[in-house]
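**Student:** Shown below is the structure under consideration.
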Amino acid sequence: MQRDELPLEGTVVVDVARMLPGGVVARQLLDLGARLVKIEEPGAGDPMRMVPPQVDGVGIGFASLYRGAESVCLDLTRSDGQAHLRTLAARADVLVESFRPGTMAGWGLGHETLSAANPRLVWCSLSSFGRAEPIRHRLAHDLNLIALTGALEAMGPAQPRLQLADIGAGLLAASSILAALLRRERTGLGCRVDQPLVTGSLPFMTWRWAEAVTGREEIVEALLGGACPCYRVYRCADGEPVAVSALEPKFWIGFVTMLGAGELDAAGFAMGDEGAAVVARVEELLSQRPRADWLELAEQRGLPLSVVRSAKEAAADPLFADAGLLEELPLPGGGSQPGVGPWLPRVGRTPERPAPRLGEHTEAVLAELSGRDRSEDPR
């Protein structure tokens, strides 16, 4: 897909957010063709720039999420920085921010002020808990957020190495922004989108919450926790793990038939002592052959079995590159390295430019969007 065919071509986004949730929103809008102007604190920038691992002094996470963006340094606590942001917001389609509720308004940059100057502005807030009293001023990061929603407990005793709430909220926020832009096409007016970060893990908890309030938590625990024989990880003869997700009866029947245990064809969802006995029987059968053999047989039969990979192994799999989901990530200092490709491969593509150096576009962007000649800009 050519750049001029992308859905958000010509859309200007001013990003005042920090850290991962704002970066997730930015990446999706950039992939869809938006022009994203990232506002950063002079001298420091988005703290995500410093999160390791780093290449050429820039965090790889920042380099991946903000490729193709433009960096403008503004001190929003000063009157000149506030004036510049008002000018930028007056010409923008979307503004994304992640401060505690009331912070932007305290600088004279609140939703009411900026939308009065630009009624078409779509404003997206990514605070921890939104504007609801009395928790609006509480601060939380991903670990706190998944702990509060029950997601941390649901994932077991080990601390997860994924940021579910931050990423989930970013994905939800981008969807809301796109819906708001569509609504603006019909009404001519922007709106305010509040996407509290605490909502990011809630879609993952829908089933578990529903069963919790009905007192039937054991079903989710058994199915998703590995007690049900049809949905769990097993070890093969060489000790290598294989993920089995034979949820549908036809797949479970095909799986146990492949194992030579057709008598288990109705036991895929067995629980308790019966389920434990079925799991033990499957483990015994899988231990008779190496994983490669079982995977080959499963592929011949069209069964949902897979290897259990590390992130390093997954990144080296040509499957993702062949599917267009792994690309070369251009680095700010030159050169490139493999990186995650477009998240929306059918409607977007990742920008070809690397993530910006801190303040790289300050002079040019302020001159352009302020309607002044660059030579007249005091910066």
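The values are calculated or read from the model by the stated rules, or taken from the named source; none is laboratory data. The structure presented is a predicted model; accordingly, all values stated were derived computationally and were not measured. Cβ sites come from the backbone with ideal geometry, for glycine too, and all protein chains shown count toward neighbours.
**Student:** Go through the stretch 236-253 and give me each residue that's under 11 Å from residue 303 (Cα atoms), charged (D, E, K, R) and assigned to a loop (DSSP other than H, G, I, E, B).
**Tutor:** Once the filter is applied, which keeps residues that are under 11 Å from residue 303 (Cα atoms), charged (D, E, K, R) and assigned to a loop (DSSP other than H, G, I, E, B), the stretch 236-253 yields only 248.
**Student:** Okay, next question. Within the stretch 157-195, how many residues are without any contact (Cβ under 8 Å) to a residue 24 or more places away in the chain and of a type in the set (Gly, Ala, Ser)?
**Tutor:** Number satisfying all stated conditions: 3.
**Student:** In the set 19, 50, which member is under 16 Å from the mean Cα position of the chain (by Cα) and either of a type outside the set (Val, Ile, Thr) or over 22 Å from residue 167 (Cβ atoms) (or both)?
**Tutor:** Unique residue meeting the criteria: 19.
**Student:** Given (1) among the aliphatic types (A, V, I, L, M); (2) within 30 Å of residue 236 (Cβ to Cβ); (3) at pLDDT below 80, where does residue 285 come up short, assuming only one miss?
**Tutor:** Status for residue 285: all satisfied but (3).
Yes or no, residue by residue, for (1) surrounded by fewer than 23 Cβ atoms within 10 Å (Cβ to Cβ); (2) in a helix (DSSP H, G or I); (3) β-branched (Val, Ile, Thr); (4) free of Cβ contacts under 8 Å to residues at least 40 places away in the same chain:
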residue	(1), (2), (3), (4)
22	no, yes, no, no
48	yes, yes, no, yes
64	yes, yes, no, no
75	yes, no, no, yes
82	yes, yes, no, yes
87	yes, yes, yes, no
95	no, no, no, no
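**Student:** Could you check the stretch 261-277 and list, in sequence order, the residues that are in a helix (DSSP H, G or I), touching a helix residue (DSSP H, G or I) at 6+ places or on another chain (Cβ under 7 Å) and among the aliphatic types (A, V, I, L, M)?
**Tutor:** Listed by number, the list holds a single entry, 264.
**Student:** If I go through the stretch 320-333 residue by residue, how many of them are over 10 Å from residue 55 (Cα atoms) and more than 21 Å from the chain's Cα centre (by Cα)?
**Tutor:** Residues meeting the conditions: 1.
**Student:** Further question on the same structure: Hey, among 352, 313, which residue is without any contact (Cβ under 8 Å) to a residue 12 or more places away in the chain and either charged (D, E, K, R) or within 30 Å of residue 43 (Cα to Cα) (or both)?
**Tutor:** Matching residue, one of 352, 313: 313.
**Student:** Could you grab me the full set of residues in the stretch 282-331 that are farther than 20 Å from residue 256 by Cα, in contact with a strand residue (DSSP E or B) (Cβ under 7 Å, 6 or more places away or on another chain) and charged (D, E, K, R)?
**Tutor:** Once the filter is applied, which keeps residues that are farther than 20 Å from residue 256 by Cα, in contact with a strand residue (DSSP E or B) (Cβ under 7 Å, 6 or more places away or on another chain) and charged (D, E, K, R), the stretch 282-331 yields 327, 328.
**Student:** If you don't mind, another one. Somewhere in the stretch 213-231, is a residue aromatic (Phe, Trp, Tyr), closer than 30 Å to residue 102 by Cα, in contact with a helix residue (DSSP H, G or I) (Cβ under 9 Å, 6 or more places away or on another chain) and in contact (Cβ under 8 Å) with a residue 12 or more places away in the chain?
**Tutor:** There is no residue in the stretch 213-231 that is aromatic (Phe, Trp, Tyr), closer than 30 Å to residue 102 by Cα, in contact with a helix residue (DSSP H, G or I) (Cβ under 9 Å, 6 or more places away or on another chain) and in contact (Cβ under 8 Å) with a residue 12 or more places away in the chain.
Okay, residues lined up against (1) within 22 Å of residue 176 (Cβ to Cβ); (2) in contact with a helix residue (DSSP H, G or I) (Cβ under 9 Å, 6 or more places away or on another chain):
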| residue | (1), (2) |
| --- | --- |
| 57 | no, yes |
| 60 | no, no |
| 82 | no, no |
| 98 | yes, yes |
| 107 | no, yes |
